[in-house]
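Participant: First, the structure itself, so that you have it in front of you.
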Amino acid sequence: ALLVGDVLATGFWAARISEIKEDDTVLIIGGGPTGICTLLCVMLKKPKRMILCEKSSERQKFINDHYPSVEVIGPEDCLAHMRTCERGGADVVIEVAGSEDTFQLVWQCARPNAIVTVVALYDKPQFLPLPDMYGKNLTFKTGGVDGCDCAEILSLIEAGEIDTTPLITHSFPLSRIDEAYRIFENKEDGVIKVSIKWRQYI
């Protein structure tokens, strides 16, 4: 429930607007907290194939350990891998990484007539090279966190259909919050998400 109003709401909304069908190949670019929450919500749609692109070897291992049905690849292999797909690319691509390189990768990995959903945050404006994209006929969907599905998400958590427990990799008392922020900010020790216990008995 700690993640419902933020990264889980983002992932749920991204999966909902992406119009995922059971015959689809879905590519998620980015394996951080938002990417993993997006993956959990994509799983609810039961697509035929799920692929996650992530550059961190620690996070690749995390995905492999916890979600063995998901193919995990690095960004250097992503485009070539996606071109081997049945339709020449992903039916749905969801971008949650938020870099200039991943923004370009997202449309390149999509098959013609695919849906591309962008929910990542960027440091600067991104540009679509429309002449290079000509003929792909992509549908782009984008936006920010939409909290209107929180009640449904909580119901799915209660029913055991969404479990974000593995994402809480570290826990600290309030007295060590500086250390917690340092580890999270610098992505140390395989951190995904950190919880802070503000009382000793919690």
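The values are calculated or read from the model by the stated rules, or taken from the named source; none is laboratory data. If you're wondering where the values come from, they're calculated on a predicted model, not measured in any experiment. With ideal geometry, Cβ positions are generated from the backbone for all residues, glycine too; neighbour counts draw on all protein chains shown. Only protein heavy atoms, including side chains, enter the accessible area calculation; ligands, DNA and RNA are left aside. Shrake-Rupley method; radii C 1.70, N 1.55, O 1.52, S 1.80 Å.
Participant: From the phi of every residue in the stretch 178-191, what ³J(HN,Hα) in whole Hz does the Karplus formula 6.51 cos²θ - 1.76 cosθ + 1.60 yield, where θ is phi - 60° and glycine or proline is x?
Facilitator: Once θ is set to phi - 60°, the couplings for the stretch 178-191 become 4, 5, 4, 5, 4, 5, 5, 4, 9, 6, 8, 6, x, 5 Hz.
Participant: While we're looking at this one, here's another question. Please list, in chain and number order, the residues 5+ apart from Val194 or on another chain whose amide H is under 5 Å from its amide H, with Hs placed from the backbone.
Facilitator: Answer set, sorted by chain and number: none.
Participant: Given a 1.4 Å probe, how much area per residue of the stretch 24-132 is accessible, in Å²?
Facilitator: 46 Å²
Participant: Compute the relative contact order of the stretch 105-197 as a whole-number percentage, counting only Cα pairs closer than 8 Å that sit 6 or more residues apart in sequence.
Facilitator: 23 percent
Participant: Roughly speaking, to the nearest percent, how much of the chain's 1.4 Å accessible area is carbon and sulfur?
Facilitator: 51 percent
Participant: What are the ³J(HN,Hα) couplings of the stretch 100-117, residue after residue, when phi is run through the Karplus curve with 6.51, -1.76, 1.60 and θ = phi - 60°? Round to Hz, x for glycine and proline.
Facilitator: With the stated coefficients, the stretch 100-117 comes to 4, 5, 6, 5, 6, 4, 4, 7, 5, 7, 7, 6, x, 6, 7, 9, 10, 10 Hz.
Participant: Something else about it: Once phi is turned into ³J(HN,Hα) by the Karplus curve 6.51 cos²θ - 1.76 cosθ + 1.60 with θ = phi - 60°, what whole-Hz value does each residue of the stretch 6-15 show in order, with x for glycine and proline?
Facilitator: 10, 5, 6, 5, 5, x, 5, 5, 4, 5
Participant: Using just the alpha carbons, could you tell me how many Å³ per residue the convex hull of the stretch 8-142 encloses?
Facilitator: For the stretch 8-142, the hull spanned by Cα atoms encloses 97 Å³ per residue.
Participant: Which of these, Ala110, Ala180, Ala159, has the largest mean-square fluctuation under a Gaussian network model of the chain (Cα springs below 10 Å)?
Facilitator: Ala159
Participant: With an 8 Å cut-off on Cα pairs and a minimum separation of 6 or more residues, tell me the relative contact order of the chain in percent.
Facilitator: The value is 20 percent.
Participant: While we're looking at this one, here's another question. With a cut-off of 8 Å between alpha carbons and a minimum separation of six or more residues, what is the relative contact order of the stretch 62-126 in percent?
Facilitator: After rounding, I find 30 percent.
Participant: In a GNM of the chain with a 10 Å cut-off on Cα contacts, which of Leu52, Leu27, Leu130 has the highest mean-square fluctuation?
Facilitator: Largest GNM mean-square fluctuation: Leu130.
Participant: On to the next question. May I ask for the angle, rounded to the nearest 10°, between helix 33-43 and the longest principal axis of the chain, with both axes built from Cα atoms and the value confined to 0 to 90°?
Facilitator: Value to nearest ten degrees: 60.
Participant: Let's test this: bin the Cα-Cα distances of the stretch 109-189 at 10 Å from zero up to the farthest pair and state each bin's percent.
Facilitator: Pairs per bin, as whole percents: 12, 23, 30, 25, 9, 1.
Participant: In the stretch 1-67, which trypsin sites (Lys or Arg not before Pro) are in a loop and have at most 15 other Cβ atoms within 10 Å, using DSSP for the loop call?
Facilitator: Of the trypsin sites (Lys or Arg not before Pro), the ones in loops of the stretch 1-67 whose Cβ has at most 15 other Cβ atoms within 10 Å are Lys21, Lys48.
Participant: When the chain is treated as a GNM, springs tying every alpha-carbon pair under 10 Å, which of Ser18, Ser99, Ser155 comes out with the largest mean-square fluctuation?
Facilitator: Ser155
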